Amino acid sequence: MSVPADASSGSPPGLRVSVDLNLCQAYAQCCYAAPRHFRIEGHEALIYDPAPAAQDRAEIERARVACPVQAIRVEDPGRGT
Amino acid sequence: MAPSSDRAVVVGAGLAALRGAEAMREAGFSGPLTIVGAEPYRPYDRPPLSKHVLAGEIPAGATTLPSNLGADVEWQLGSPIARLDRTSRTLHRADGSTLPYDRLLIATGTRARPWPNPHEGRLSGVFTLRGRDDAAALRAALAAGPRRVLVIGAGFIGCEVASLCRQLGLPATLVEPGPTPLGRVLGSAVGAFIGAMLTGRGVDLRSGSEVEWLEGEGGRFVRAHLTDGTRIDADVAVIALGAVRNTEWLDGSGLSADPGGVDCDATGFVLDTEGQPDPCIAAAGDVARFPHPLYGGRRVALEHWSHAAMQGIHAGQLLAGAKPESPYAALPTFWSTQGDVVVKSAGLTEGADAVAFTQGEPGSGRFIAVYGRAGRCIAAVSVDSARWLPAHAEMVAAGAPFPPQGTAADRPSKGIMVLAPGFP
Ligand SMILES: Cc1cc2nc3c(=O)[nH]c(=O)nc-3n(C[C@H](O)[C@H](O)[C@H](O)COP(=O)(O)OP(=O)(O)OC[C@H]3O[C@@H](n4cnc5c(N)ncnc54)[C@H](O)[C@@H]3O)c2cc1C
Ligand code: SF4
């Protein structure tokens, strides 16, 4: 997971991600699309990065679109939602 | 739609508040909108706090929730509301400042129930877990390598913390007065499997035990004394005794509210002490108590993430002037991640008189349990079997006959095991 320990540095505003883990069925498509930001532990425990860096937006967008149950929500302050 | 000069205020700045405010805007409410929060933070996600934040994988401050609210929302954070005056439609703060409203969303959630002895609860090394700051402080204590972590209360958060300590390689003791972990929500039949899983991961599980007092030395927690005389030496104690609803600020408002929640009608408007709805005020999330149509109109207050999001949206639409076709009736659902095991549920288990294992083998650690009452399915719980849950959730929503027939796709020839659920 590539979250800076202190997100208050001068870098461009990062993304915000949340996953509705009730909807998530651990299909893992997000993990293929953005392996640095989503992974499955055990059988079906999805672990994700809630604050990816702005330059990772393409990857995160791929993951969001790939999710078959539309469980991933993204806010991109650099571009509006 | 009512004139857009109406002022809307959302009290509370959590998930229900955020989704409620978004829904108001999406439903076309264009008047001034203010969100007031007691904490100094924009709405953030709580579930990761007891999981990846404690594990040190993400900082507590990285959990801010995504939102599509724009600059046309005023945030007043770090400034709790102390009192509601419905006659003048005014919110009051402790410093005497006021905030008028025409439409109000109550979304003040809950707080962690504190340890009953305040002196012991203030010892350094004693923690509760509800907010970002709590999680950051507890994470720091776990990272310091305590000799042992004592978790008091084996509800979802207590079990998550105990599992997580084991993932971090920390010795952990989990003390629970009931016969099994999660007994109140899942019953002891299913709770026993969760207990076996925790024990298998090295949690020192003390079911049927109660902590009598917490001992400190020089202001630091050093050990707990159980009612049976046992002592447990530990450097960290996590109090996981459930939640108390934040309704004190409604005292004197004439609304029907107590530590169990603020009452709403089936539509979502809050009720006064006479049982009459106030059409200017709705409530949503952990703080709201409402009659659930799926459960015969029984009043329930749910403490689940999806419920806060969905009821927030419902209440926001209501306050924006939308006339709902039907009462809020979403099937209650939640998930919990215990270490790397995922427990999910659909429906409410309360009042179940039987539980059937329809999928997988309980002993294998992956299964579905369906709860029945008077011959109908009322809830389903999956353990590492989330893919089977939606089909079971449909049976619950439809009140399908219990025990369910023909659901055990993996073992068509075997019968379904039906047990007493073991509720206290
Ligand atoms: C550690 C933890 C782990 C969890 N894990 C899960 C999980 O895995 N799955 C699941 O389904 N659910 C989980 N939950 C429950 C879920 O997070 C809650 O159901 C959800 O946060 C409820 O949202 P809410 O907006 O109703 O209330 P809250 O999130 O409690 O937000 C209410 C806000 O109102 C503020 N407030 C209170 N009083 C006032 C006042 N007088 N004036 C102004 N503001 C005020 C509070 O400070 C708070 O910020 C977890 C909860 C916790 C604490
Ligand atoms: S793609 Fe969607 S369903 Fe699959 S693991 Fe990711 S979030 Fe979950």
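I need to check one value: relative contact order of chain B, counting alpha carbon pairs closer than 8 Å and at least 6 residues apart, in percent.
16 percent
Along the Cα→Cβ direction, 7 angstrom out, place labels at B:R122 and B:W75. What is the inter-label distance in nm?
Simple spin-label model gives 3.2 nm for this pair.
Determine how large the accessible area of B:K344 is when every protein chain is in place; take a 1.4 Å probe and give Å² rounded to the nearest 10.
Spelled out: B:K344, probe radius 1.4 Å, area about 10 Å².
To the nearest 500 deg cm²/dmol, what mean residue ellipticity at 222 nm is calculated for the protein assembly as shown from DSSP H runs of n ≥ 4 alone, each contributing -39,500 (n - 2.57), summed and divided by the residues?
Result for the protein assembly as shown: -6000 deg cm²/dmol, rounded to the nearest 500.
Dimensions of region B:113-242 along principal axes (Cα, Å, largest first)?
42, 29, 24
Using the basic label-point model (7 angstrom from Cα toward the beta carbon), what is the B:E212 to B:D95 distance in nanometres?
In this crude spin-label approximation the distance works out to 4.7 nm.
Using Stokes-Einstein with the Kirkwood hydrodynamic radius over Cα pairs, what translational diffusion coefficient do you get for chain B at 25 °C and a viscosity of 0.890 mPa s, in µm²/s rounded to a whole number?
108 µm²/s
GNM, chain B, Cα, under 10 Å: largest mean-square fluctuation among B:H304, B:H119, B:H225?
B:H119
Might you report the magnitude of the Cβ-based charge dipole of region B:113-242 about its Cα centre, with Lys and Arg at +1 and Asp and Glu at -1, to the nearest 20 debye?
Using only the charged Cβ atoms, the result is roughly 320 debye.
Convex hull over the alpha-carbon atoms of the protein assembly as shown: what's its volume per residue in Å³?
Output value, Cα hull per residue: 158 Å³.
If you put +1 on each Lys and Arg Cβ and -1 on each Asp and Glu Cβ, how big is the dipole of the protein assembly as shown around its Cα centre, in Debye rounded to 20?
That gives a dipole near 620 debye.
Please report the equivalent ellipsoid semi-axes of region B:1-153, computed as sqrt(5 x eigenvalue) of the Cα gyration tensor, largest first, in whole Å.
35, 19, 11
Calculate, for B:A397 and A:Q70, the FRET efficiency according to 1/(1 + (r/R0)^6) with r their C-beta to C-beta distance and R0 25 Å; round to the nearest 0.05.
So, using R0 = 25 Å, E works out to roughly 0.80.
As an exercise, take the mean of 1/r over every pair of distinct alpha carbons in region A:21-75, invert it, and state the Kirkwood radius in angstroms.
11.1 Å
Please sort through the DSSP H helices of chain B and keep those with an alpha-carbon extent of at least 20 Å along the long axis and a Kyte-Doolittle average not below 0.5.
Span-like helices, by this rule, are B:183-200.
Once you place label points 7 Å from the Cα toward the Cβ at B:A329 and B:D233, how far apart are they in nm?
Those two pseudo-labels are separated by 5.9 nm.
Along region B:268-273, what does the Karplus equation 6.51 cos²θ - 1.76 cosθ + 1.60 (θ = phi - 60°) give for ³J(HN,Hα), rounded to whole Hz, x for Gly and Pro?
Each residue of region B:268-273 in turn: x, 7, 6, 9, 8, 5 Hz.
Among B:S163, B:S124, B:S97, which one moves the most in a GNM of chain B with springs linking Cα atoms closer than 10 Å?
B:S97
The values are calculated or read from the model by the stated rules, or taken from the named source; none is laboratory data. Note that the structure is predicted; figures quoted are calculated from it, not measured. Reconstructed Cβ throughout: ideal geometry from the backbone, glycine too, with neighbour counts over all protein chains shown. Protein only, heavy atoms only, side chains kept; ligands, DNA and RNA dropped before computing areas. Shrake-Rupley method; radii C 1.70, N 1.55, O 1.52, S 1.80 Å.
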